[in-house]
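Trainee: If you scroll down you'll find the structure; I have some questions about it.
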Amino acid sequence: MPTTWQELAAEKKVRQAASIPKEWLIAPPSNDVLDVTDIPAKCGLLSARDLEITEVSSVADLLTKIATGTWSSVEVTTAFCKRAVIAHQVTNCLTEIFIDRALERAAWLDEQLKSTGKVVGPLHGLPISLKDQIAIKGLETTMGYVSWIGRVAERDAALTEILIECGAVLYVRTNVPQTLMWPECYNLVFGRTVNPVNRTLTCGGSSGGEGALLGMRGSILGVGSDIGGSIRIPAAMNGVFGLRPSYHRIPYEGSANSLEGQDSLPSVLGPISIDLGGIKLFMQAVIGQMPWLKDPLSMRKHWDGDGYRLVEHGGGQKLTFGILWNDGLVVPHPPIIRALEITRDVLIAAGHDVVDWKPYKHAELYDATMGIWAAAGREDTLAATSQTDEPLLQSMAETNAIEGTAFIGSKGISAFELFKIQKKRAVLRKEYLDHWQSTSVSTSTGRPVDAIISPVAPFPPPPHGQNTNVGYTMIWNVLDYPACVFPVTKVDPVLDRPKPEHDFLSEADRKIHGLYDSPETFKNAPASLQLVGRSQEDEAVIAMTEIVRAALERHGRSKL
C-alpha cells in the first residue's frame, strides 16, 4: 500500500491511466509541437461522424439532433469521450474518466426517448464535463490534494442531481490547481494542464482543465467555479464563453471547495461553453429545476424573462456600454487594448453608445478581497496538505513551485479584524452602486450605463507561472456583479507590437508591461473580454453579451 504522498499520487495516476481504453491511445506529439488543436482531426481515432458531432456549431444544434434521433445519445457520448481522451493526452486536462458509466447512462436515455417519444429533460443526452469539485456519487474528488485521494463521494452534489434530472450525461471531470486559489492549473496529483493553442502558455485557472478541454472541443458545455475569476480566466484564455453568475443562483451544496465556511465572498458555480447559447441553456435548465429545493443557500428566483428581454435596459434597442480601459493599477497588453477597440467600434457601428468607464476604488476593493481570502491564513490549506506531508505549492512556475511566496499568506487575522474588512467592503459596495447610478446624467438614454466591457486579464494567456494578476476578475466577485466572457480576436505580432514604457500606475504595472517583450510568445493566443452587469442581472448580462457578440460577428471583426 502506498504511504508517502509521492506514492499516493503515483498510484492515482496509474488508476487514471487504466480508465482510458487502450485503443484510444494516440502517438503523443513531440514537445516542440505547441498548437495541438488540430490533433483530434489528424490522429486517426475519430471517425468522420465523430468529428461532425464534436465540431457541431452550438449546444442547441446538438440537443436538437439528439432529440430528433439524428444522432443517438450513445454515439454523441462516445464521440465526446474519445475527443476528451485525445485532449487529455496532449493537454493533461482530466482527473476522473468514467466512460462505461457515461455510455450506460446514454443508452438508458436513448431507450427512454425510443419508448416514450419524449426527451428526459432540457439537456437530454448532452455530455457535460465537470470541474473536479462537483461531487458524483461513487467517484473521488481530490481537488488537487494528494491527501484527498481515496475520498469517494457517498452522494451527488445538488448540481449533479439537477443535471441528471435535466437529462445530461456526465463523462469526465477536469483538472484544477492545488487549493483552487490560483489562476493557473497545476497540482501534485495530476500535474500541469496546458493551453492547447500553445502548450508553453497557461490554460488559466482554477477551472483550467475545463478551459483546455473546451478549447480542444472535448466538451461542448462544462461547469467551473469562480471566486476570483476561476471561470472567466480559463474561458478567456481558451477562446470560449464563460459566465460568472451572481451569488447563489446556481446550487453549490455538496460540492467540495476551499475556504469552506467563508461566506461573505462566496465562490459560485457556472457554465463554460463553446457558444453563448450554451450558457443560456445551462442557466435556464438549472434554474428551471428550482435548485432552492436542494440547496438552502440557493436564491428562490426563477428565470427572469423580463431581465433577458432587457426591459430595464430600453429593450436593448440602444444601450450604453462603459469601457474599462484599465483599472487604475495595471494597463493591459496591446492585444487586449485592441480587443477593447474592436468591441467599441462595432458597438458604435451598431447604434449603441460607448463611454469610458472610470474605475472606482478598485485598489481598496482588491485589498478587501485579499483580506477576506487570507483571513484564516494557511489553516484551511494546511489542514489538507499536512495529512500526507504534501508540499503546499508556492507558485505555478515550471520549476521551484514549492519554493517562494504563496498566493495566500501564512498569517491569519482575528474575527474582529475580519469584521472590519467586511464592513469596509459593504461600504465600498454601496459607493460603487452610487458611482454606477450617477452615470445616468451623462448617457443619451437617461439610464445609467447598461453594462461594462472590461478586460478579463491584463494579458492574453501568459507563460506558465506568469499569470499573477486577477484584479480584472476579482473586482466583480467582491461586488457580486455577474460577468460573461466572450472571445474577440487573437494575438497578431504585427498588429500587437509592444508599446513603449508609459508612466507606470504601479509596480505590478511595470512588471506586466515587461512581460510583453515579444509578441511571438503569445502568437494566436485568444484575446477575450467580459461584459459586466449588476448583481442578480444574470439574464440581462447574457442578453447584452449576445448583442455584443452579434455586433462583432456582423461586422466581421471577430477572429474566433
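Read-outs throughout are calculated quantities, based only on the coordinates presented, and are distinct from any laboratory measurement. Keep in mind that what you see is a predicted model, and the values were worked out from it rather than measured. When we count neighbours, we look across all protein chains shown, and the Cβ atoms used for this are built from the backbone with ideal geometry, even at glycine.
Trainee: What is the Cα centroid distance between the stretch 481-556 and the stretch 14-31, reported in whole angstrom?
Mentor: Taking the Cα centre of each part, the stretch 481-556 and the stretch 14-31 sit 35 Å apart.
Trainee: As a test of the formula, what do you get for the chain when each DSSP H run with n ≥ 4 contributes -39,500 (n - 2.57) and the sum is divided by the residue count, at 222 nm and rounded to the nearest 500 deg cm²/dmol? Could the numbers behind the result be given before it?
Mentor: On the way: 18 runs with 203 residues, N = 560.
Theoretical 222 nm ellipticity from helices: -11000 deg cm²/dmol.
Trainee: Would you mind classifying the stretch 50-109 by shape? Square roots of the alpha carbon gyration tensor eigenvalues, ordered a ≥ b ≥ c; an a/c under 1.5 is rounded, otherwise it is prolate if a/b is larger than b/c and oblate if not.
Mentor: oblate
Trainee: Specify the inter-centroid distance of the stretch 176-206 and the stretch 445-480, based on alpha-carbon positions, in whole Å.
Mentor: Spelled out, the Cα-based centre of one part sits 19 Å from the other.
Trainee: May I pose another question? Pull out the extension gain between residue 535 and residue 440, defined as 0.36 nm times the separation in residues minus the alpha carbon to alpha carbon distance; nm, one decimal.
Mentor: Working: separation 95, 0.36 × 95 = 34.20 nm, distance 1.78 nm.
Contour length minus Cα-Cα distance gives 32.4 nm.
Trainee: Could you quote the convex hull projected area for the stretch 1-303, Cα atoms only and averaged over all directions, in nm²? Write down the numbers at each step before the final one.
Mentor: Details: hull surface 59.9 nm².
Taking a quarter of the hull surface, the average projection is 15.0 nm².
Trainee: From the C-alpha gyration tensor of the stretch 309-453, pull out the three semi-axes of the equivalent ellipsoid (sqrt of 5λ each), sorted largest to smallest, in whole Å.
Mentor: Numbers: eigenvalues 317, 92, 32 Å².
Its equivalent ellipsoid spans semi-axes of 40, 21, 13 Å.
Trainee: Would the stretch 209-271 count as rounded, prolate or oblate if I go by the C-alpha gyration tensor, calling it rounded below 1.5 in a/c and otherwise prolate when a/b exceeds b/c, oblate otherwise? Before the final figure, lay out the partial values.
Mentor: Numbers: a/c = 2.23, a/b = 2.02, b/c = 1.10.
Note, shape of the stretch 209-271 comes out prolate.
Trainee: Checking a compactness column here: for the stretch 53-207, what do you get for Rg(Cα) / (2.2 N^0.38 Å), N being the number of residues?
Mentor: After normalising by residue count via 2.2 N^0.38 Å, the value is 1.09.
Trainee: Roughly how far apart, in whole Å, are the Cα centres of the stretch 348-362 and the stretch 280-324?
Mentor: A separation of 22 Å, based on Cα centres.
Trainee: Listing 241, 419 from the residue with the fewest other Cβ atoms within 10 Å to the one with the most, what is the order? Working shown, then result.
Mentor: Details: 241 27, 419 11.
Least to most surrounded, the residues fall as 419, 241.
Trainee: Roughly what percent of Cα-Cα pairs across the chain reach past 35 Å? Could the numbers behind the result be given before it?
Mentor: Values: 49481 of 156520 pairs.
Roughly 32 percent, once rounded to a whole number.
Trainee: Separate question: Would you kindly calculate the mean projected area, averaged across all directions, of the convex hull enclosing the Cα atoms of the stretch 79-154, in square nanometres? Could you put the intermediate results ahead of the total?
Mentor: On the way: hull surface 24.5 nm².
Computing the convex hull of the Cα atoms and averaging its projections yields 6.1 nm².
Trainee: May I pose another question? Based on a Kirkwood Rh over C-alpha pairs, give the Stokes-Einstein translational diffusion coefficient of the stretch 165-260 at 10 °C and viscosity 1.306 mPa s in µm²/s. Don't skip to the answer; put the middle values down first.
Mentor: On the way: Rh = 13.6 Å.
D, rounded to a whole number, is 117 µm²/s.
Trainee: Net charge around residue 511, counting only other residues with Cβ within less than 14 Å of its Cβ (Lys, Arg = +1; Asp, Glu = -1)?
Mentor: Numbers: positive: 510; negative: 501, 507, 509, 517.
Summing Lys and Arg as +1 and Asp and Glu as -1 gives -3.
Trainee: Please sort through the DSSP H helices of the chain and keep those with an alpha-carbon extent of at least 15 Å along the long axis and a Kyte-Doolittle average not below -0.5. Before the final figure, lay out the partial values.
Mentor: Numbers: long enough: 5-18 (20 Å, -0.86); 73-91 (26 Å, 0.55); 99-116 (25 Å, -0.64); 276-288 (18 Å, 1.44); 334-349 (22 Å, 0.84); 362-373 (16 Å, 0.03); 415-437 (33 Å, -0.79); 538-554 (24 Å, 0.39).
Those that pass (Cα extent of 15 Å or more, hydropathy at least -0.5) are 73-91, 276-288, 334-349, 362-373, 538-554.
Trainee: Counting Lys and Arg as +1 and Asp and Glu as -1, what is the net charge of the other residues whose Cβ lies under 14 Å from the Cβ of residue 69?
Mentor: Details: positive: 65, 114, 118; negative: 75, 110, 111.
Its environment carries a net charge of 0.
Trainee: At most 10 other Cβ atoms within 10 Å plus a DSSP loop assignment makes a site exposed; report the longest stretch of the chain without any exposed trypsin sites (Lys or Arg not before Pro).
Mentor: On the way: sites that count: 118, 300, 411.
That would be 119-299.
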